[in-house]
Amino acid sequence: MTMYCPICRTNYSDVEKFCPADGMKLFSRKDEFVGTTIAERYRLQQRIGAGGMAIVYKALDLNTDEVRAVKILRPELAADSKQRIRFLREVKVARAAWHDGIVEIFEFGVLPDGNAFFAMEYLDGITLARRLDRGLMPLSQVFDIMLQVLRALHGAHTLGVVHRDIKSENIMLVEDSDGGERIKILDFGLARMKGDLRLTATGQVFGTPEYISPEQATGGEATPASDQYAAGILFYEMLTGCTPFVGIPGKVLFAQFKSQPVPPSRTAISRPVPGKADPVVLKMLAKIPENRYPDAEHAAAAIEDLARQIL
């Protein structure tokens with residue numbers, strides 16, 4: 001049985017009684033896939049996530065006895081060929097963007113009813129969004145996470161992949177073997193590879209308003225510089241506890257291409273942010289893509305130098 005929050009629509013295991021995000025009492029919901037085996041290989045044990053396009057399950061790989069995460073296109077979308085293409089393109093793009101900081105995909109396929117699925121590594125951790133809900137992190141941890149995110153993005157960019165939806169919900173924090181934390185970038189559902197055919201009309205806006213780049217907010221083409229902008233929003237959020245622009249989506253989208261963000265050293269309330277961080281963050285958040293760092297690796301180098309000065 002899956003428990004879900006009617007406010008934020010997050011799903012939890014049946015051991016939860018109240019939503020950690022908003023304190024709302026959770027309600028039970030039966031899931032038609034839980035307990036079934038798909039592709040004669042993956043036994044679905046528990047729903048662990050859901051979005052507008054797909055549902056993610058914790059599963060046992062019967063061939064290897066290893067735990068996997070299995071993502072299945074929502075049944076109501078399975079009959080739409082464009083949605084199936086978009087869903088399976090996530091597999092193609094995530095595989096092409098292989099990097100230690102990006103979730104690994106093992107297998108994909110089509111079920112007898114025409115629905116599509118793919119199996120990926122199961123990550124035992126929490127999203128950066130959930131971590132930030134607990135409060136601000138030490139600056140040393142902020143810098144470490146940012147360096148990992150930017151280097152994973154640079155790896156994807158050099159392979160011709162733009163994520164287009166970097167946000168705290170799409171960054172997973174996983175404990176590594178030495179007790180530290182490593183990041184994994186999730187959800188390549190909006191990503192594009194160089195040379196891909198468009199599935200949407202020119203001028204359509206896709207992404208999350210609080211993190212979307214000015215060029216995406218106005219219907220322009222997303223580039224590696226757009227991912228760098230979203231990473232800059234992440235940096236700002238981890239330093240201050242909030243994104244630069246908040247409010248209703250339309251207002252936030254307008255602010256992304258029209259308003260200059262308040263420097264993080266002047267926004268922070270819970271803890272001081274060194275003024276030396278301002279120029280680095282604001283360069284990543286430049287309105288014109290050409291005014292940002294040349295690439296994610298240059299942005300990482302600037303943050304690494306900043307960390308040496310501050311820590």
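The values are calculated or read from the model by the stated rules, or taken from the named source; none is laboratory data. All values derive from a computational prediction rather than experimental measurement. FYI the Cβ positions are ideal-geometry reconstructions off the backbone, even for glycines, and counts take in every protein chain you see.
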Matching residues, the range 219-260, being closer than 23 Å to residue 157 by Cα, in contact (Cβ under 8 Å) with a residue 60 or more places away in the chain and assigned to a loop (DSSP other than H, G, I, E, B): 222, 223
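For residue 276, state whether it is more than 25 Å from residue 129 (Cβ to Cβ) and of a type in the set (D, E, K, R). Explain how you work it out, then say what you get.
Values: more than 25 Å from residue 129 (Cβ to Cβ): yes; of a type in the set (D, E, K, R): yes.
Against the criterion (more than 25 Å from residue 129 (Cβ to Cβ) and of a type in the set (D, E, K, R)), residue 276 qualifies.
Quick grid of which residues meet (1) of a type in the set (Ser, Thr, Tyr); (2) surrounded by fewer than 19 Cβ atoms within 10 Å (Cβ to Cβ); (3) over 15 Å from residue 142 (Cα atoms):
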position: 242; (1), (2), (3): no, yes, no
position: 248; (1), (2), (3): no, yes, yes
position: 255; (1), (2), (3): no, no, yes
position: 272; (1), (2), (3): no, yes, no
Residue match in the range 150-168 (condition: among the charged types (D, E, K, R), assigned to a strand (DSSP E or B) and modelled with pLDDT of 95 or more): no
Residues of the range 25-47 satisfying the condition of being at pLDDT below 80 and either hydrophobic (A, V, I, L, M, F, W, C) or farther than 23 Å from residue 61 by Cβ (or both): 26, 27, 28, 29, 30
Odd one out for residue 127 among (1) in contact (Cβ under 8 Å) with a residue 12 or more places away in the chain; (2) over 21 Å from residue 232 (Cα atoms): (2)
Filter pass, residue 281 being within 24 Å of the chain's Cα centre (by Cα), crowded, with 18+ Cβ neighbours inside 10 Å and either β-branched (Val, Ile, Thr) or modelled with pLDDT of 95 or more (or both): yes
Restricting the range 110-120 to residues that are touching a residue at least 60 places away in the same chain (Cβ under 8 Å) and surrounded by 15 or more Cβ atoms within 10 Å (Cβ to Cβ), the residue that is farthest from residue 33 (Cα to Cα): 119
Flag if residue 76 is modelled with pLDDT of 90 or more, surrounded by fewer than 20 Cβ atoms within 10 Å (Cβ to Cβ) and on the phi < 0 side of the Ramachandran plot: no
Some residue of the range 245-252 being at pLDDT 95 or above and over 25 Å from residue 87 (Cβ atoms): yes
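Taking the condition of a type in the set (Ser, Thr, Tyr), assigned by TED's automatic domain parsing to the domain that holds residue 268 and under 23 Å from residue 210 (Cβ atoms), does residue 140 pass?
Answer is no for this residue.
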Considering residues of the range 121-157 that are of a type in the set (Gly, Ala, Ser) and closer than 28 Å to residue 294 by Cβ only, the residue surrounded by the fewest Cβ atoms within 10 Å (Cβ to Cβ): 140
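Of the residues 56, 67, which single one is within 20 Å of residue 37 (Cα to Cα), within 22 Å of the chain's Cα centre (by Cα) and surrounded by fewer than 17 Cβ atoms within 10 Å (Cβ to Cβ)?
Exactly one of 56, 67 is within 20 Å of residue 37 (Cα to Cα), within 22 Å of the chain's Cα centre (by Cα) and surrounded by fewer than 17 Cβ atoms within 10 Å (Cβ to Cβ), namely 67.
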Of all residues in the range 99-149 being over 19 Å from the mean Cα position of the chain (by Cα) and assigned to a helix (DSSP H, G or I), the one that is farthest from residue 179 (Cα to Cα): 139
